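A quick write-up on the structure given underneath.
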Amino acid sequence: MNIPGRPILKAAHGPNRRWWVLGAVECGNFVVYMDAFIVTLALPAMAAQFGIGLHEVKWVMLSYMIALTASLLVAGRLGDRLGRKTVTILGMGALAAASLACLFAPTLAVLIACRAVQGIGGALVLANVMAEITAVFPKVERRRAMAINASVLAMGQVVGLLLGGALIGAFGWRSIFLVIALISSAGLLLDALILRNQSCSRAGRFDLAGAMLSIPLIGIPFLLVERLASRAAQGFPWELLGAGLGLLVIFLVVELRMASPLLDPRVFRLRAYVCGSFAAAAYFVAAASCYFLVPLYAQAVLGLTPFQAGLLMLPLSVALTTTSQIIGGLSKYISARVVASFGLLCTAGGVLALSFLGPTGGLLLVAGIVALIGAGGGLFHPPNNTSVLAAVPQSMLGSANGFFAMARNFGQALGVSLAAAILGATVAGTGAGKLLAGYHPEHAREAVFAIYTSGQSAAFHLAAMIGLVGAIVSAFRGPPIMAPPPEDLKTPASTAK
């Protein structure tokens, strides 16, 4: 009898199984990052429909990113305990179901809530992607696989912008969620057919205390950004900063005392892991400001359609994909520290160049700058991703990758939050907010554009500075020094140089 899926099953469990696994997990990686940015070009249309401004509509994007980031540590640990296949399938299912709910959301509040559920589903998927790659690929092929991972990440973001622009122009903004639901469903089927559950680590109780502490701990920085943006004249919110630092201390104490912690503190003895995670967060702060602000600038100031604005970001994806594949092929001969740091420096330089765009920025200039940012990402991701997880024991891959993925997505969400807060604070009360909401006031048009680009410039300056700090930290990564693992575990040697 011909059973549907049998040819896939036969091929996926043959000698080339690792490449089938890569394809399955990258489908999830693709849809999670596509979902993060597909709504960017829809924000003006959403704002117009709901009668709101940038300050409110940005939460359609941020709710997804923050929920994803806050759930990653828990998702990584669940992958260790329940099996990466089980958790990944649950995540793809949640993404598909929540996307359908977004499609029919009657109000902004419901839409934001459904986007948060999408983010939780995305965390269940994303927390296990690189852990799965590290588990199935031998060391000699791992950088090539990581290069493909970096390419898929960029493709997801840019295809999200392109597809979002085309769908919004043809069918309206709600159609983007139907596409996410369909791709998520296809990914769920692939995961069910191809992935295998690894032996699970169930020693000790689940770290409920750590899970409960980690979620508000991750949310506080975003609340701090909002308070700073809305209370600029009322002083610094020291009480919020104090609460965050206090929660951090409590979280670390709890984790150190747990037999089976949410995040094994031993990973922080790895200099390559810590520096690489910080550098990844800094990279995504810088890159996210570009993904968020450039499409809005293209529509609001340059007058492009949503689809044309998405096309403007295509050079970034092409440059990142090409560069990452070249670097992946040369991985045996290059230093992870040098190449990753130089790549992050290129990205920071590109973001700094964006800060000089004015009301009449040329399309070729913008395309060239975003290509530089993409090339920097292609240089940065493969060596950084490989060196960060190279020394992590097999049983801790889920939680270690969960934290690493959290650092990356924290940077991405923080980059969007900072950019939106700075831009919103600059244009508030000037009339530029109406421009973003879909209105085009003819009077004082040049003045409004000047104010808008001034706020955009300030946001890019800050993002570039954070990227530069990340490049400096990346340069100080070195061989990991880790506490001896349990006797039944062998810690792989680090590939960081």
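The values are calculated or read from the model by the stated rules, or taken from the named source; none is laboratory data. As the structure is a prediction and not an experimental result, all values here were calculated from the model. As a convention, Cβ positions derive from the backbone with ideal geometry for all residues, glycine included, and neighbour counts pool all protein chains shown.
Condition test on Ser185, is it more than 26 Å from Ile373 (Cβ to Cβ) and not hydrophobic (A, V, I, L, M, F, W, C)? Yes. For the range 261-278, check the following and say yes or no: at least one residue is on the phi > 0 side of the Ramachandran plot and either without any contact (Cβ under 8 Å) to a residue 24 or more places away in the chain or β-branched (Val, Ile, Thr) (or both). Within the range 261-278, none of the residues are on the phi > 0 side of the Ramachandran plot and either without any contact (Cβ under 8 Å) to a residue 24 or more places away in the chain or β-branched (Val, Ile, Thr) (or both). Criterion applied to Ala211, Ala186 was being more than 26 Å from Ala420 (Cβ to Cβ), surrounded by fewer than 17 Cβ atoms within 10 Å (Cβ to Cβ) and at pLDDT 85 or above, and the one residue passing it is Ala186. Of Ala298, Ala280, all but one fail to be in a helix (DSSP H, G or I), over 21 Å from the mean Cα position of the chain (by Cα) and crowded, with 24+ Cβ neighbours inside 10 Å; the exception is Ala298. Taken together, the criteria place Ile176 among residues that are buried (at least 24 other Cβ atoms within 10 Å of the Cβ), over 26 Å from Trp20 (Cβ atoms) and touching a residue at least 40 places away in the same chain (Cβ under 8 Å).
Output the residues belonging to the range 85-96 that are touching a residue at least 60 places away in the same chain (Cβ under 8 Å) and among the small types (Gly, Ala, Ser). So that I can check it myself, show each step before the final result.
Keep residues of the range 85-96 that are touching a residue at least 60 places away in the same chain (Cβ under 8 Å), which gives 85-86, 88-89, 91-93, 95-96.
Listed by number, the residues that qualify are Gly91, Gly93, Ala96.
Provide a single number: the residues in the range 145-172 that are in contact (Cβ under 8 Å) with a residue 12 or more places away in the chain, more than 22 Å from Gly378 (Cβ to Cβ) and surrounded by fewer than 22 Cβ atoms within 10 Å (Cβ to Cβ). Walk me through how you get there before you give the answer.
Let us first name the residues in the range 145-172 that are in contact (Cβ under 8 Å) with a residue 12 or more places away in the chain, namely 145-169, 172.
Now restrict to residues that are more than 22 Å from Gly378 (Cβ to Cβ): 164-169, 172.
Next, from what is left, pick out any that are surrounded by fewer than 22 Cβ atoms within 10 Å (Cβ to Cβ): 166, 169, 172.
Of the residues in the range 145-172, 3 are in contact (Cβ under 8 Å) with a residue 12 or more places away in the chain, more than 22 Å from Gly378 (Cβ to Cβ) and surrounded by fewer than 22 Cβ atoms within 10 Å (Cβ to Cβ).
Can we say Gly83 is modelled with pLDDT under 90, touching a Cys at 6+ places or on another chain (Cβ under 6 Å) and either among the hydrophobic types (A, V, I, L, M, F, W, C) or surrounded by fewer than 24 Cβ atoms within 10 Å (Cβ to Cβ) (or both)? Yes: the conditions hold for Gly83.
Answer yes or no: is there a residue in the range 129-144 that is closer than 21 Å to Tyr64 by Cβ and either touching a residue at least 24 places away in the same chain (Cβ under 8 Å) or surrounded by fewer than 22 Cβ atoms within 10 Å (Cβ to Cβ) (or both). Write out each step before concluding.
First pass over the range 129-144, keeping only residues closer than 21 Å to Tyr64 by Cβ: 129-130.
Then drop every residue that is not either touching a residue at least 24 places away in the same chain (Cβ under 8 Å) or surrounded by fewer than 22 Cβ atoms within 10 Å (Cβ to Cβ) (or both), which leaves 129-130.
Within the range 129-144 (the criterion being closer than 21 Å to Tyr64 by Cβ and either touching a residue at least 24 places away in the same chain (Cβ under 8 Å) or surrounded by fewer than 22 Cβ atoms within 10 Å (Cβ to Cβ) (or both)), the answer is yes, since at least one residue qualifies.
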